[in-house]
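Down below is the structure, laid out as structure tokens.
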Amino acid sequence: MTGYILRRFLQIIPVFFGTTFLIYFMVFAVPGDPVLALFGDRTPNAAVIEQLHIRYHLDQPFIIQYFYYISGILQGDLGMSFSGQPVSEMLAATFPVTLRLAVLAVTIELVVGVSAGLLSGLRKGGIFDASALVVTLILISLPIFVIAFVSQFVIGIQLGWARPTVGPGAPIQDLILPAIVLASINLAVVTRLTRSTVIDTNRNDFVRMAYGKGLSHRRVVPTHILRNSLIPVTTSLAADFGILIVGATVTEGIFNVPGVGRALFNAIRLGEAPTVVSFVTVMVILYLIVNLIVDLLYGLLDPRIRYVK
Amino acid sequence: MSSDTIQTPTTTHYVAPIDETPLGAVDAVRVSDKASNLWLDAWRHLRGRPMFWISGILIVFIVFVALFPDLFTSVPPDNNCQLSVSNDGPSPGHPMGFTKQGCDVFSRVVHGASTSLSVGLLVTLIVATVGIIFGAFAGFFGGWIDSVLMRVGDIFFAIPYILAAVVIMSVLSAYRSVGVIALAIGLFAWPSTARILRSEVLRVKQSDFVMASTALGVSKVRTMLSHVLPNSIAPVIVVTTVSLAAAITAEATLSFLGVGLPSSFMSWGNDIAAAQTSLRTNPMTLIWPSLALSITVLSFIMLGETIREALDPKARAQR
């Protein structure tokens with residue numbers, strides 16, 4: 001297990017440098033003055049240009065600039081937003097809300113997705129299975145902002161079951177509707193994955209053996225079928241973390257949830273490219289960490305993974 | 001296999017001319033009256049699936065709308081807007097009502113189709129080209145080429161492609177166009193295609209016909225292009241169909257966030273973003289472009305799904 005952990009840690013190092021380099025390259029390989037490019041069609045004042053030139057060490061060769069930038073990130077220096085607030089402070093202030101929203105969304109996604117997938121996998125071809133296939137197909141096709149607007153309009157405004165926008169302090173009852181919306185993107189994926197792994201697991205000899213021993217359905221399904229089917233679902237959660245980030249940006253923007261997503265949403269809309277870049281860098285690093293953790297978890301859950309190579 | 005018949009070959013000989021051997025019966029081959037291969041099998045399966053026909057007809061219709069929008073509406077989408085009809089409901093000749101700016105919603109929905117489709121097609125082209133080159137070379141040549149190409153793929157894969165596109169489009173805000181947005185999405189969306197093709201190439205590479213081709217002295221690149229690639233392309237076609245749908249969603253999301261196409265372009269994402277301020281007063285201006293977007297995405301996903309089932313016997317068994 002230690003060898004496996006070590007190998008995974010070593011693997012992530014080149015990816016970390018690669019991704020941060022790529023992001024830095026995308027911003028600063030633009031022809032002309034990259035600082036001006038960051039502002040698009042707006043003209044920043046001279047002091048801001050000056051400050052950004054110093055911050056990104058633009059008088060140095062490109063590779064040196066990149067190392068200054070990396071060491072800044074590693075020390076938690078993510079630059080300033082246009083309003084003069086350090087990006088790291090913005091992140092610290094908004095992160096707890098997003099974490100609450102994300103945990104709520106992933107819980108909904110797992111509970112609903114796994115039970116729906118299990119039910120349709122066990123009764124393959126039944127009415128529930130057929131309707132689950134249709135519903136998940138439609139869910140996959142609906143862009144997140146369409147789901148967000150429609151549920152905001154129908155549930156929030158027309159039916160009045162929930163507040164259409166989140167109130168100050170983001171109390172948990174206000175977060176339920178945005179969390180359901182956020183969960184809906186990956187819900188279909190979790191349902192379908194659980195269904196297909198349940199069908200695959202069901203064919204295994206150990207399942208037949210368990211029934212052959214005279215164990216009841218109630219005992220075989222949770223301990224033999226479900227446990228073995230959950231392993232791929234764990235990895236899919238990590239892989240879909242990227243979708244969750246984008247989804248959180250849109251959902252928080254629409255429902256006015258005061259989290260990281262809304263801060264990014266506002267920065268994008270206001271054209272604050274340096275802030276956008278800092279946020280995206282942090283999220284990509286977070287994405288790498290989540291994937292690392294899930295990979296380690298995967299090794300813990302499935303001993304076969306640990307011993308490959 | 002009820003249609004199989006035992007035929008004594010008359011003209012085609014696989015072993016030796018029939019009169020040279022007394023054992024003519026040995027030469028008899030089992031000939032099915034219908035030729036069969038992966039693609040024919042898939043087509044026979046697809047033919048019987050209603051979902052294939054529904055999605056196919058929808059896609060043909062959407063492409064038709066995108067190519068000839070003027071056949072469907074004579075109202076210009078952009079330059080005939082009158083604030084006097086702002087947020088008005090449907091009226092004769094304007095079946096979907098008006099936007100906040102007083103533009104005809106139906107006309108905007110119709111003209112938005114070509115934007116979505118062209119972004120989708122361009123992204124798919126980029127993703128397929130880069131993905132096939134990386135996946136085929138990595139899988140076929142293996143060794144250090146494989147390691148280098150796949151590590152590069154890992155790096156691109158580690159950045160969620162919509163976030164990458166957000167960064168690119170924020171930086172290139174002065175150059176927003178269909179081509180640039182397609183490049184921004186496609187540049188980071190290809191690694192999954194490369195991975196899928198690579199694993200399929202690794203499998204096909206073990207086949208006897210590849211060894212035969214090498215034994216006959218066909219060059220490595222020729223073997224890859226004419227034997228390995230055609231036999232491992234099936235999963236790529238499925239991913240490509242789905243990635244077209246994903247690209248359309250991505251463009252709409254970027255436009256919705258305000259880093260997509262400029263508002264002078266007819267884009268469903270732009271229209272949805274513009275309509276959100278009228279959500280309480282006139283939700284239909286938001287619903288119509290959303291519906292058009294969702295139906296387009298749904299048809300491509302449905303098509304991808306049916307093709308996947310047709311090409312993959314394992315998926316068929318799970319139904």
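The values are calculated or read from the model by the stated rules, or taken from the named source; none is laboratory data. Owing to the predicted nature of the structure, the values given are computational and were not obtained by experimental measurement. Here Cβ is always computed from backbone atoms with ideal geometry, including for glycine, and neighbour counts include all displayed protein chains.
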* Could you please give the count of residues in the range B:211-240 that are surrounded by fewer than 19 Cβ atoms within 10 Å (Cβ to Cβ) and free of Cβ contacts under 8 Å to residues at least 24 places away in the same chain? => 13
* Asked: Can you name the helices (runs of 4 or more DSSP H) wholly within the range B:128-221 that have at least 2 residues being more than 11 Å from every other protein chain (Cβ to nearest Cβ) and over 30 Å from residue B:259 (Cα atoms)?
  -> B:143-157, B:191-204, B:208-215
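Restricting attention to the range A:196-203, does a residue exist that is farther than 28 Å from residue A:153 by Cβ, in contact with a helix residue (DSSP H, G or I) (Cβ under 9 Å, 6 or more places away or on another chain) and away from chain B (no Cβ under 14 Å)?
Within the range A:196-203, the first condition is being farther than 28 Å from residue A:153 by Cβ, and the residues that meet it are A:196-203.
Retained after the next criterion (residues that are in contact with a helix residue (DSSP H, G or I) (Cβ under 9 Å, 6 or more places away or on another chain)): A:196-202.
From the residues that got through so far, the ones that are away from chain B (no Cβ under 14 Å) too are none.
Looking through the range A:196-203, none of the residues is farther than 28 Å from residue A:153 by Cβ, in contact with a helix residue (DSSP H, G or I) (Cβ under 9 Å, 6 or more places away or on another chain) and away from chain B (no Cβ under 14 Å).
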* **Residue match in the range B:254-271 (condition: assigned to a helix (DSSP H, G or I), farther than 30 Å from residue B:174 by Cβ and not small (Gly, Ala, Ser))** => no
* Going by the structure shown, is residue B:254 modelled with pLDDT of 90 or more, within 14 Å of chain A (Cβ to nearest Cβ) and surrounded by fewer than 20 Cβ atoms within 10 Å (Cβ to Cβ)? -> no
* Structure fact -> Apart from one, (1) surrounded by fewer than 18 Cβ atoms within 10 Å (Cβ to Cβ); (2) farther than 21 Å from residue A:302 by Cα; (3) within 12 Å of another protein chain (Cβ to nearest Cβ); (4) of a type outside the set (Phe, Trp, Tyr) all hold for residue A:217; the odd one out is (3)
* **Filter result for residue A:242 (under 30 Å from residue A:153 (Cβ atoms), assigned to a helix (DSSP H, G or I), within 14 Å of chain B (Cβ to nearest Cβ) and at pLDDT below 85)** => yes
* Asked: Any chance the range A:206-214 includes a residue that's within 10 Å of another protein chain (Cβ to nearest Cβ), part of a loop (DSSP other than H, G, I, E, B) and not aliphatic (A, V, I, L, M)?
  -> no
* Asked: Residue check: is residue A:225 surrounded by fewer than 18 Cβ atoms within 10 Å (Cβ to Cβ) and modelled with pLDDT of 80 or more?
  -> no
* Structure fact -> Of those in the range A:97-129 that are under 15 Å from the mean Cα position of the chain (by Cα) and of a type outside the set (A, V, I, L, M), the residue surrounded by the most Cβ atoms within 10 Å (Cβ to Cβ) is A:109
* Structure fact -> For residue B:133, the lone unmet condition from (1) at pLDDT below 90; (2) surrounded by fewer than 23 Cβ atoms within 10 Å (Cβ to Cβ) is (1)
* **Selection within the range A:265-290 - more than 8 Å from chain B (Cβ to nearest Cβ) and assigned to a helix (DSSP H, G or I)** => A:266, A:267, A:274, A:275, A:278, A:279, A:281, A:282, A:285, A:286, A:289, A:290
* Asked: So which residues in the range A:129-185 are within 14 Å of another protein chain (Cβ to nearest Cβ) and among the aromatic types (Phe, Trp, Tyr)?
  -> A:145, A:149, A:153
* To do: Filter the range A:1-20 for residues that are touching a residue at least 24 places away in the same chain (Cβ under 8 Å), crowded, with 16+ Cβ neighbours inside 10 Å and not aliphatic (A, V, I, L, M) and give the result.
  => A:4, A:8, A:16, A:19, A:20
* Exactly one of (1) over 27 Å from the mean Cα position of the chain (by Cα); (2) buried (at least 24 other Cβ atoms within 10 Å of the Cβ) is unmet by residue B:185. Its number? -> (1)
